[in-house]
Amino acid sequence: MDVDEFVRCAADSERYEQAARLYRGDLLEGVDERWLEEKRRELSLRYSACLLGSIAFHRARRSFAEARRYANLLLAHDPWREDALRQLLVVQLDAGNRAAAVAEYRRF
């Protein structure tokens, strides 16, 4: 049921943040079944898209703290996503916090 609601929310850009709140990690985590792999990947990609959309939404409105929060969620979900790091760096720069952008770059 939660998966169905997540998918519905993730399909509507106005509900990306709601979808992000619903996502709780891999589907049936701990169950090692081949048939789950594709569904897990699909849901993970949808979650990432919701986070990217939320970052863009908040950057456009100059809500830098919220944009930064979603960028950090995306990096927590996928620590090696360079596009997520770029988004975080740009948000820090947009907010006038160059030192934080440099620190994030070095941490990555």
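Considering only residues of the stretch 91-108 that are assigned to a helix (DSSP H, G or I) and buried (at least 16 other Cβ atoms within 10 Å of the Cβ), which is modelled with the lowest pLDDT?
Filtering the stretch 91-108 for residues assigned to a helix (DSSP H, G or I) gives 91-94, 98-107.
Right, trim to buried (at least 16 other Cβ atoms within 10 Å of the Cβ) and you get 91-92, 100-101, 104.
On the way: 91: 96, 92: 97, 100: 95, 101: 96, 104: 92.
It comes out as 104.
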Residues within the stretch 56-82 that are surrounded by 13 or more Cβ atoms within 10 Å (Cβ to Cβ) and either free of Cβ contacts under 8 Å to residues at least 24 places away in the same chain or of a type outside the set (Phe, Trp, Tyr) (or both), tallied: 16
Failed condition for residue 86, given (1) in a helix (DSSP H, G or I); (2) closer than 18 Å to residue 2 by Cα; (3) open to solvent by 70 Å² or more (accessible area, probe 1.4 Å): (2)
Candidate set: the stretch 8-23, residues that are open to solvent by 60 Å² or more (accessible area, probe 1.4 Å) and in a helix (DSSP H, G or I); chosen: the one nearest to residue 72 (Cα to Cα): 21
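The values are calculated or read from the model by the stated rules, or taken from the named source; none is laboratory data. Every value quoted in this text rests on a predicted model; they were computed, and no experiment measured them. A quick note on method: Cβ atoms are made from the backbone with ideal geometry, for glycine too, and the neighbour counts reach across all protein chains shown. Note: accessible area is taken over every heavy atom of the protein model, side chains too, but ligands, DNA and RNA are not part of it. Shrake-Rupley method; radii C 1.70, N 1.55, O 1.52, S 1.80 Å.
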